[in-house]
């Protein structure tokens, strides 16, 4: 009798598992794919005059996700979405992805199928195709490693370097929703039926890469630097500043904190401002532009995606990043996520 969730991986073997992935991905291949899963390498048509983008990110069980906290489809979606967000951060558009999965042999095969469906769903939603990958048996934990290639017009490319003293610092959307969702999961409140909790949990489990917003910002040719917010503003803004050789001031009162974060933070024993500054995985865009270009950039982003843009501070000529309270005093928000910090903070 087949066990619940399908036969275990070790019963099917690698060839059958690869065939299952191929069958799942095949119907979703874009027109730019010449050869998809099944050969030694995928083959894509390269559009003329563009730059190639390539990124990869890994998700590991009990570090980035827990089986008890997320459905397999959500694990796959998030693994793909974080890579799509990296393509967005460069002003590009995704073309294709490959995914490597490591899993124990007793894992039900349906679990792997559902991860694949999540990967494919996220890729397809944003115009990319899952074109190949690798499967590895291991004693665990489950690991999902995704690489995405994309394209960007040469004059639309945005990097972390390029911010200049006097530039405004902006973010798309709002901050703190994903960190609030994580706090709910950590405190055993995954079944909270309130609209705010549902929003926060969805933001954490199924993040949205800001591709339309990024393309609009890049096409405007008004931004000077850009990156996505994956590890939290407290960690990511200093990275942008370091690459640009500048400093920054952020005014806490201006931060667009997500309504779910504002509604739930105190109940969770958290500070909403700290969640907004240090919480990772919002995947909003952090970018800079001259002050006189702010209105124009905000207009193109709103037109392209219906997303708000908020000025949160300015770039300075002196190194270092300061977060200021309404009275102009420096506050210490804490640090964002660090894989190699002394204690686990995810």
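Overview of values
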read-out	value
Candidates 181, 188, filtered to the one that is surrounded by fewer than 16 Cβ atoms within 10 Å (Cβ to Cβ) and at pLDDT 95 or above	188
The stretch 69-93, residues that are closer than 17 Å to residue 202 by Cβ and more than 11 Å from the chain's Cα centre (by Cα)	69, 70, 71, 72, 73, 74, 75, 76
Residue count for the stretch 239-255, restricted to those that are in a loop (DSSP other than H, G, I, E, B) and surrounded by fewer than 19 Cβ atoms within 10 Å (Cβ to Cβ)	1
The stretch 292-329 - residue that is modelled with pLDDT under 95 and loosely packed, with under 11 Cβ neighbours inside 10 Å and, of those, farthest from the chain's Cα centre (by Cα)	327
Residue 99 at pLDDT 95 or above and over 19 Å from residue 51 (Cα atoms)	yes
The one condition in (1) modelled with pLDDT of 95 or more; (2) in contact with a strand residue (DSSP E or B) (Cβ under 9 Å, 6 or more places away or on another chain) that residue 71 fails to fulfil	(2)
Conditions (1) on the phi < 0 side of the Ramachandran plot; (2) more than 19 Å from the chain's Cα centre (by Cα); (3) at pLDDT below 95: number failed by residue 114	(3)
Yes/no for residue 333 being in contact with a strand residue (DSSP E or B) (Cβ under 8 Å, 6 or more places away or on another chain), modelled with pLDDT under 95 and either in a loop (DSSP other than H, G, I, E, B) or surrounded by fewer than 17 Cβ atoms within 10 Å (Cβ to Cβ) (or both)	yes
Residue among 229, 201, 211 that alone is crowded, with 22+ Cβ neighbours inside 10 Å and either without any contact (Cβ under 8 Å) to a residue 24 or more places away in the chain or not assigned by TED's automatic domain parsing to the domain that holds residue 291 (or both)	201
Scope the stretch 256-291; condition surrounded by fewer than 22 Cβ atoms within 10 Å (Cβ to Cβ) and within 22 Å of residue 319 (Cα to Cα); matching residues	290, 291
Subset of the stretch 300-327 [within 13 Å of residue 222 (Cβ to Cβ) and touching a strand residue (DSSP E or B) at 6+ places or on another chain (Cβ under 9 Å)]	301, 309
Residue count for the stretch 278-298, restricted to those that are touching a helix residue (DSSP H, G or I) at 6+ places or on another chain (Cβ under 9 Å) and closer than 24 Å to residue 166 by Cα	9
Evaluation of residue 196 against (1) assigned to a helix (DSSP H, G or I); (2) under 22 Å from residue 245 (Cα atoms) (one fails), failing number	(2)
Subset of the stretch 223-237 (residues that are assigned to a helix (DSSP H, G or I) and farther than 15 Å from residue 331 by Cα)	236, 237
Matching residues, the stretch 150-174, being at pLDDT 95 or above and surrounded by fewer than 16 Cβ atoms within 10 Å (Cβ to Cβ)	164, 165, 166
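Condition check ((1) crowded, with 19+ Cβ neighbours inside 10 Å; (2) under 17 Å from residue 57 (Cβ atoms); (3) assigned by TED's automatic domain parsing to the domain that holds residue 315) across all residues:
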{"position": "90", "(1), (2), (3)": "yes, yes, no"}
{"position": "95", "(1), (2), (3)": "yes, yes, no"}
{"position": "105", "(1), (2), (3)": "no, no, no"}
{"position": "148", "(1), (2), (3)": "yes, yes, no"}
{"position": "177", "(1), (2), (3)": "yes, no, yes"}
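The values are calculated or read from the model by the stated rules, or taken from the named source; none is laboratory data. Since we're looking at a predicted model, the values are computed, not measured. When we count neighbours, we look across all protein chains shown, and the Cβ atoms used for this are built from the backbone with ideal geometry, even at glycine.
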